[in-house]
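This report refers to the structure that appears directly beneath it.
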Amino acid sequence: MLAVSHLSKAFGAQRAVDDVSFGVDRGRIVGLLGPNGAGKTTTVSMIAGLVRPDGGEVLIDGRALAGDTDPLKRRLGLVPQDLALYEELSAAENLHLFGALYGMSRAETAIALTSALAFVGLTERARDRVSTFSGGMKRRLNLAAGLLHDPPILLLDEPTVGVDPQSRNAIFDNLEALRRQGKALLYTTHYMEEAERLCDRIVIIDHGRVVADDTLRGLYARLPSTNRLTIELDGGDRDFAVDDLRRLPGVRSAELARDVLTVGLDDVSAGAPAVLQWLSGTGRRCTHLASERGNLETVFLALTGRSLRDA
Amino acid sequence: MNVRAIVALVRKDLRIFFGDRRAVLLSFAAPIVIASFFGFLFSGSSDKAVASRIPIEIANHDSSAISANLVQALTADASLAVTTATDAAIKDAVRQGRIAVGIMIPPGFGEAAGRAFFSAQAKPTLDLLYDPSRGAEVGMVRGILTGQVMQTVSQEMFSGQTGRTMIDQAIQRLDRDSGLSAADRTSLRALLESARHWYRRADAGPSAGRVHGLSIPYTVAERAITARRNVAYNGFAHAFAGMSTQFVLFASLEVGLGILLERQRGLWKRLRSAPLSKSALLAARTASGALIAIMTYAVSFAFGMLVFHIRIEGSAVGFVAIIVSCSLMTAAFGLLIAALGRTPQAARGVSVFGLLLMVMLGGAWVPTFLFPPWLQTVTLIIPVRWAVDGLEAMTWRGLGFGSAVAPTLVLLGFAALFGGLAIARFRWEED
């Protein structure tokens with residue numbers, strides 16, 4: 001439905017997007033995950049026709065956009081990162097305007113806005129000025145504005161920035177409903193939790209380049225271990241060789257630092273007993289044990305050598 | 001072009017404009033209030049009875065009839081408000097700006113002026129203290145004073161006691177003057193005796209030999225040239241033309257800043273993502289800006305017409321053409337601000353400075369005829385000048401449509417120039 005192929009864009013000497021390719025199919029949510037400044041918004045802007053790419057192409061239903069007035073633009077719905085709403089107008093007035101921009105008649109818009117406002121739970125506030133809305137309500141209206149003309153492809157650029165957990169969950173529910181309706185959603189975020197919860201496929205982007213494009217399971221499979229066992233040891237004076245631990249079956253990594261042993265395992269149910277048994281043989285006593293599953297943070301760390309939060 | 005989208009965008013802009021009632025009131029009321037104020041200041045008056053008099057003070061240290069008559073004549077002048085004061089009081093009053101001019105008549109002024117009238121003897125000096133910031137009033141007082149001194153001194157010399165004494169003294173000096181030839185002495189005696197005879201006739205009856213002194217040998221019939229003979233000059237027409245244009249320009253600033261604000265708030269991105277041409281987006285902005293400008297003109301002039309009796313004495317079509325072309329010019333100027341500005345905050349300061357310069361040099365505050373000649377020529381490159389002059393031509397000057405053509409075309413030219421520059425420099429790409 002949406003195919004991005006070898007997309008590139010530079011602003012002066014800085015390459016914002018470098019040879020980016022991915023696709024979004026019908027009924028799927030694809031996450032574009034990366035730190036701030038990774039090139040996510042520029043990529044979305046090129047897909048929406050707001051920025052002319054230096055190279056590559058964007059195909060919507062197999063066809064490239066041909067200019068500002070190309071009716072193919074109606075196949076796209078943009079939900080920008082900013083709250084792109086006129087605060088001085090009511091919710092209904094905003095939607096009437098956006099309907100007119102997409103060539104919808106007043107009657108068509110009236111039907112569509114009723115449906116869009118109901119979808120995001122703002123029917124009761126249709127006549128109220130947007131300036132009186134909470135941050136979460138504005139975000140939901142922002143989503144409704146992008147959905148109004150019923151586009152099959154939705155471009156969502158960090159649509160949950162600055163909202164409370166309740167509104168965020170409401171937006172997630174909306175997006176999952178849209179997926180069920182068969183829409184193709186491209187979702188940019190720098191929150192790994194959002195990508196983990198929502199996305200069928202995740203494209204990790206850093207410094208303008210795609211560093212991974214896979215399902216969540218596929219990304220985890222790239223980790224040196226999918227589970228991490230953290231063992232705090234007593235301060236005993238008996239030393240031991242960590243290399244011996246690394247040789248145990250199912251152990252992918254082992255590090256000892258300041259009486260804290262970190263062990264990477266493929267399978268925690270099989271690996272953890274073996275590690276503990278080996279540890280008791282060394283004479284050191286375990287004072288605390290914690291098990292942690294691998295996540296996108298660790299994936300990003302493994303792929304780029306940097307933390308997603310610090311990048 | 002998507003007309004429905006353009007109409008929706010224009011409607012949105014108008015809705016936002018009218019949504020802020022305080023701002024609307026300010027947009028419409030501010031030009032009216034300031035134009036009314038300037039109108040009162042610069043309206044002038046065809047009614048001489050209510051014309052404001054120039055305040056002057058006089059200290060008369062001379063006891064002669066000439067000086068007394070001079071003070072009396074100045075007091076009677078319709079253009080002056082004369083009071084008498086001491087030298088020190090006059091100096092203080094001028095320094096504090098309470099009066100424009102103070103006149104100090106020195107002792108012996110009348111006698112010395114009489115002697116100087118018929119001979120090349122030393123002329124007496126009148127001390128004139130003046131406020132240098134009120135040059136126009138000083139010039140006017142100087143002119144009136146010259147006329148009144150000439151009239152008073154000559155009147156006294158030809159009919160007053162001072163004149164008789166002077167003639168008697170001259171005849172006595174003639175007999176003692178051995179430097180004159182006999183023929184010259186005879187001729188001069190005949191002249192002076194004739195003058196003495198003139199005085200005696202004047203003494204014989206009130207109607208004989210009456211002399212009013214020298215006066216300006218002409219009178220001036222003044223007639224203000226306005227639209228028609230019975231149409232008085234209405235200074236409010238200039239004030240409303242100037243102030244409306246100024247506030248319309250400030251409204252255009254808001255249009256420009258509005259676009260920058262939309263860009264900052266991500267709205268421009270949403271608008272650009274719709275299947276709309278760039279020209280449609282700019283046309284909508286231009287249309288809404290021009291409509292707001294036209295409404296500002298309409299409200300201001302409607303008030304001026306109702307309250308201050310401003311009339312379109314010239315071509316109504318020309319009046320509308322100038323307003324529409326000026327509104328388009330200001331809307332295009334708003335686009336230019338949006339094209340050149342990076343952020344609303346940065347653009348505001350520079351734009352306000354530019355606008356103030358434009359309205360000041362364009363004659364929106366004070367008429368351009370008060371400018372030096374070179375500046376009057378230079379200001380032809382300012383669109384405001386054409387708008388104000390054009391609106392004045394269509395109101396109190398009562399000129400026909402022909403006189404609206406040049407301002408209209410020039411304003412449309414400026415609109416095209418500003419619009420073209422805006423399109424060329426507009427940042428379309430969103431990152």
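Here are some notes:
- Counting only residues that are within 35 Å of the chain's Cα centre (by Cα) and at pLDDT 85 or above, segment A:221-248 holds 5 of them.
- Scanning segment B:160-180 for residues that are surrounded by 11 or more Cβ atoms within 10 Å (Cβ to Cβ), at pLDDT below 75 and charged (D, E, K, R) yields one hit, B:Asp177.
- Candidates B:Gly102, B:Gly110 - the one that is assigned by TED's automatic domain parsing to the domain that holds B:Leu188, over 24 Å from B:Ala170 (Cα atoms) and surrounded by 15 or more Cβ atoms within 10 Å (Cβ to Cβ): B:Gly102
Yes or no, residue by residue, for (1) at pLDDT below 90; (2) crowded, with 23+ Cβ neighbours inside 10 Å; (3) not in a loop (DSSP other than H, G, I, E, B):
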residue	(1), (2), (3)
A:Asp150	no, no, no
A:Gly162	yes, no, no
A:Ser167	yes, no, yes
A:Leu185	no, yes, yes
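- Residues that are outside any helix (DSSP H, G or I), under 13 Å from A:Ala145 (Cα atoms) and more than 7 Å from chain B (Cβ to nearest Cβ), drawn from segment A:84-103: A:Leu85, A:Ser90
- Scanning segment B:128-150 for residues that are surrounded by 15 or more Cβ atoms within 10 Å (Cβ to Cβ) and over 16 Å from B:Leu80 (Cα atoms) turns up just one, B:Met150.
- Tally, over segment B:260-271, of residues that are facing chain A (nearest Cβ under 7 Å) and in contact with a Ser or Thr (Cβ under 9 Å, 6 or more places away or on another chain): 1
- Residue that is surrounded by the most Cβ atoms within 10 Å (Cβ to Cβ) [pool: residues in segment A:54-83 that are more than 10 Å from chain B (Cβ to nearest Cβ) and aliphatic (A, V, I, L, M)]: A:Ile60
- Extreme residue, farthest from B:Gly242 (Cα to Cα), among residues of segment B:360-418 that are without any contact (Cβ under 8 Å) to a residue 24 or more places away in the chain and outside any helix (DSSP H, G or I): B:Pro372
- Members of segment A:9-37 found to be in contact (Cβ under 8 Å) with a residue 60 or more places away in the chain, within 14 Å of another protein chain (Cβ to nearest Cβ) and of a type in the set (Gly, Ala, Ser), listed by number: A:Ala16
- Criterion (hydrophobic (A, V, I, L, M, F, W, C) and in a loop (DSSP other than H, G, I, E, B)) met by exactly one of B:Ile312, B:Ile294, B:Ile323, B:Ile337: B:Ile312
To keep it simple, each residue is scored yes or no on (1) small (Gly, Ala, Ser); (2) surrounded by fewer than 15 Cβ atoms within 10 Å (Cβ to Cβ); (3) modelled with pLDDT under 85; (4) not in a helix (DSSP H, G or I).
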position	(1), (2), (3), (4)
A:Glu255	no, yes, no, yes
A:Ser269	yes, yes, yes, no
A:Ala272	yes, no, no, no
A:Arg284	no, no, yes, yes
A:Phe300	no, no, yes, no
A:Leu303	no, no, yes, no
A:Ser307	yes, yes, yes, yes
A:Ala311	yes, no, yes, yes
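- Residues of segment A:36-53 satisfying the condition of being within 20 Å of the chain's Cα centre (by Cα) and surrounded by fewer than 19 Cβ atoms within 10 Å (Cβ to Cβ): A:Asn36, A:Gly37
- Failed condition for A:Lys40, given (1) at the interface with chain B (Cβ under 9 Å from one of its Cβ atoms); (2) among the basic types (Lys, Arg); (3) in contact (Cβ under 8 Å) with a residue 60 or more places away in the chain: (1)
- Lone unmet requirement of (1) more than 19 Å from the chain's Cα centre (by Cα); (2) assigned to a helix (DSSP H, G or I) for A:Gly218: (1)
The values are calculated or read from the model by the stated rules, or taken from the named source; none is laboratory data. These figures come from a predicted structure and were not determined experimentally. As a convention, Cβ positions derive from the backbone with ideal geometry for all residues, glycine included, and neighbour counts pool all protein chains shown.
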